[in-house]
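*Asks:* Please read through the structure below; I'll follow up with questions.
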Amino acid sequence: VSFADLVKIFAFNSIHIGRWVTTAEQQLAANLFFDAFCDLQQLLQVPSQVISLNGSLALTFGIGGQPGVCAHYQPQGRILALAKNAGGGSLAHEWFHAFDHYIAGKMFGDIVTRNQFSSRCWLQHKTIIPHYFNSLLDNAYKKLFLSADGKGSSDFFNHCRSLDAAQNRLYLAMPEEMAARAFEKVLQRQNLKNSFLVSGTLKSKAAELGVYPDDTLCSEVGALWLEYFRLLGQGLRYKANGK
């Protein structure tokens with residue numbers, strides 16, 4: 001496959017390749033990303049257009065980026081940027097950032113500014129548009145961020161804050177980062193495995209530090225997210241069939 005095939009099959013908005021990327025590098029990367037996106041589609045049980053977030057998501061490969069970073073998401077322009085020379089494993093994390101950004105307007109309406117994430121909007125107590133799909137996301141965020149009685153922060157939130165405090169920074173406890181790491185682990189715990197899509201959430205130094213939610217929380221949040229995407233896929237296929 002080629003990157004052009006990725007655009008055609010998943011309906012990505014556009015793709016731009018860096019000038020220093022060789023033909024061989026393009027081919028290898030295209031194969032890896034194609035397999036990863038296909039596996040993501042199968043894991044979520046959704047039509048291909050969901051992977052490109054209804055054609056809104058653009059791709060770049062080998063343009064800019066930071067050393068050692070496989071992929072990152074740019075809200076401005078809705079760009080999933082893929083690095084040229086870096087190992088895989090972070091694609092699921094960055095894709096969830098893109099979804100988190102895309103769905104903010106669907107979940108909260110016009111009160112959301114252009115570059116806001118739904119996870120952060122939720123913590124800011126913005127009014128949620130009533131819809132069953134939004135209620136699934138709402139319940140997932142409640143479990144991820146709040147204690148069982150809903151009156152305080154979750155153990156996971158508190159742990160991420162303590163890790164950040166030890167490094168004198170704010171990163172791991174950012175709501176969009178917590179949500180993306182939880183999504184990563186949800187996917188890696190499924191039967192279908194793809195180490196280019198996600199890796200390191202079960203056995204790694206980061207996992208040992210507790211930057212990912214524990215198995216119980218992961219199961220609870222994952223059940224809501226997977227139900228969300230499964231029902232979304234059903235609805236879109238039903239609509240596509242003209243029913």
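*Asks:* Once the Cα atoms of the chain are picked out, what are the Rg and Dmax in Å?
*Replies:* Rg then Dmax for the chain, in Å: 17.7, 55.
*Asks:* Of the chain, which part is the longest with no chymotrypsin sites (Phe, Trp or Tyr not before Pro) in a loop (DSSP not H, G, I, E, B) and with at most 16 other C-beta atoms within 10 angstrom?
*Replies:* 21-170
*Asks:* OK, next. I'd like the carbon and sulfur percentage of the solvent accessible area for the chain, probe radius 1.4 Å, heavy atoms only, ligands and nucleic acids excluded.
*Replies:* 51
*Asks:* Over the chain, calculate the relative contact order: mean separation of alpha carbon pairs under 8 Å at least 6 apart, over the residue count, as a percent.
*Replies:* This gives 19 percent for the chain.
*Asks:* Under a Cβ-only charge scheme (Lys and Arg +1, Asp and Glu -1), can you give me the dipole magnitude of the chain about the Cα centre, in debye to the nearest 20?
*Replies:* The dipole magnitude comes to about 400 debye.
*Asks:* 5 Å is the cut-off here: which amide hydrogens, built 1.01 Å from N in the peptide plane, fall below it relative to Phe61, excluding neighbours closer than 5 in sequence?
*Replies:* Close amide H contacts, sequence-distant or interchain: His16, Ile17, Gly18, Leu82.
*Asks:* Please list, ordered by chain and number, the residues whose modelled amide H lies under 5 Å from the amide H of Ala71; skip anything fewer than 5 residues away on the same chain.
*Replies:* Excluding prolines and chain starts, which carry no amide H, the hits are Ala83.
*Asks:* Where both residues lie in segment 1-114, what percent of DSSP beta bridges are antiparallel, nearest 5? Walk me through the numbers on the way to the answer.
*Replies:* Details: 4 of 11 bridges.
Among the beta bridges of segment 1-114, antiparallel pairing accounts for roughly 35 percent.
*Asks:* Suppose we keep just the DSSP beta bridges with both residues in the chain; what percent of those would be antiparallel, to 5? Intermediate results must be reported in sequence, preceding the final value.
*Replies:* Numbers: 5 of 12 bridges.
Percent antiparallel among DSSP bridges in the chain is about 40.
*Asks:* Could you calculate the contour length gain from Asp164 to Asp5, that is, 0.36 nm times the residue separation minus the distance between their Cα atoms, to one decimal place in nm? Kindly include the intermediate steps, with their values, before the conclusion.
*Replies:* Values: separation 159, 0.36 × 159 = 57.24 nm, distance 4.08 nm.
Gain on extension, Asp164 to Asp5, equals 53.2 nm.
*Asks:* Going through the cross-link list Lys8/Lys239; Lys126/Lys203; Lys126/Lys193; Lys143/Lys185; Lys142/Lys193; Lys84/Lys193, which pairs have a Cα-Cα distance over 26 Å in this structure?
*Replies:* Exceeds cut-off: Lys126/Lys203; Lys126/Lys193; Lys142/Lys193.
*Asks:* If you don't mind, there's one more thing I want to ask. Divide by every residue of the chain the summed helix terms, -39500 (n - 2.57) for each DSSP H run of at least 4, and state the resulting mean residue ellipticity at 222 nm, rounded to the nearest 500 deg cm²/dmol.
*Replies:* Taking each H run of at least 4 residues, the total per residue is -17000 deg cm²/dmol.
*Asks:* Another question about this same structure. Can you give me the solvent accessible area of Asp35 with a 1.4 Å probe, rounded to the nearest 10 Å²?
*Replies:* 80
*Asks:* Which percent of Cα-Cα pairs in segment 3-95 sits in each 5 Å bin, short to long?
*Replies:* Result returned by the calculation: 3, 14, 26, 29, 20, 7, 1, 0.
*Asks:* Rounded to the nearest whole Å², what accessible area per residue is found for segment 1-74 with the 1.4 Å probe?
*Replies:* On a per-residue basis, 49 Å².
The values are calculated or read from the model by the stated rules, or taken from the named source; none is laboratory data. In this text, all values refer to a predicted model and were calculated from it rather than measured experimentally. Cβ: placed from backbone, ideal geometry, glycine included. Neighbour counts: every protein chain shown. Heavy atoms of the whole protein, side chains included, go into the accessibility calculation; ligands, DNA and RNA do not. Shrake-Rupley method; radii C 1.70, N 1.55, O 1.52, S 1.80 Å.
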